[in-house]
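Chemist: Below is the structure I would like to discuss, written out as C-alpha cells.
Just so it is clear, none of the values below were taken in a lab; they were calculated from the coordinates. Note that this is a predicted model, so its numbers are computed, not measured. All Cβ positions, glycine included, derive from the backbone under ideal geometry; neighbour counts span all protein chains shown.
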Amino acid sequence: MENVVLIIHLLLALGLIAAVLLQRSEGGGLGMGGGGGGAVSGRAAATALGKLTWILAAAFICTSITLTVISAQKSAGSSVFDGAEIPAGEASAPAIPGLPAGGDFLPPAAGDNAPLVPSAE
C-alpha cells in the first residue's frame with residue numbers, strides 16, 4: 001500500500017512541476033513591471049492549466065498526509081533501540097571518573113547547573 005501511494009506521490013510531484021513550468025510567466029514578483037494586469041490588480045481568469053495546478057497541488061498534499069499516517073502506523077510501538085544488542089559484560093553503564101561506582105545520586109537542585117552529587121547514606 002505504501003509503495004502505491006509513494007508512486008502516485010512521485011507522479012503528482014512530476015506533474016505539478018510540469019504544470020508550473022508550462023504556465024505563462026507574469027513578469028516580476030507581485031505584479032511589478034508586468035503591465036496593467038499584474039497580481040496587484042484584479043484577479044485574473046483561471047485557465048485550465050491553473051486549475052490543473054491547484055488539483056495536482058491538493059492531491060500532492062493529500063498523498064503527503066497519507067504517507068505520513070502510514071509511516072506513523074508502521075513505526076508505532078517501535079524504537080531505534082529495539083534492534084540494538086547489548087554485548088555481554090556491558091549491561092551496566094560505565095563508571096564516571098571521580099564518582100563512586102554503583103551509588104545512588106541526587107539530582108541537582110532546580111535551576112542549578114551543578115553535576116550530580118553522591119547521596120549521603
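Chemist: What nm distance separates the two modelled labels at ILE7 and ALA48, each placed 7 Å from Cα along Cα→Cβ?
Modeler: For ILE7 paired with ALA48, the spin-label model returns 2.8 nm.
Chemist: For a label point 7 angstrom out from the Cα of ARG24 toward its Cβ, which stretches of region 46-67 have the backbone nitrogen within less than 18 Å?
Modeler: Hits in region 46-67 for ARG24 at 18 Å: 46-54.
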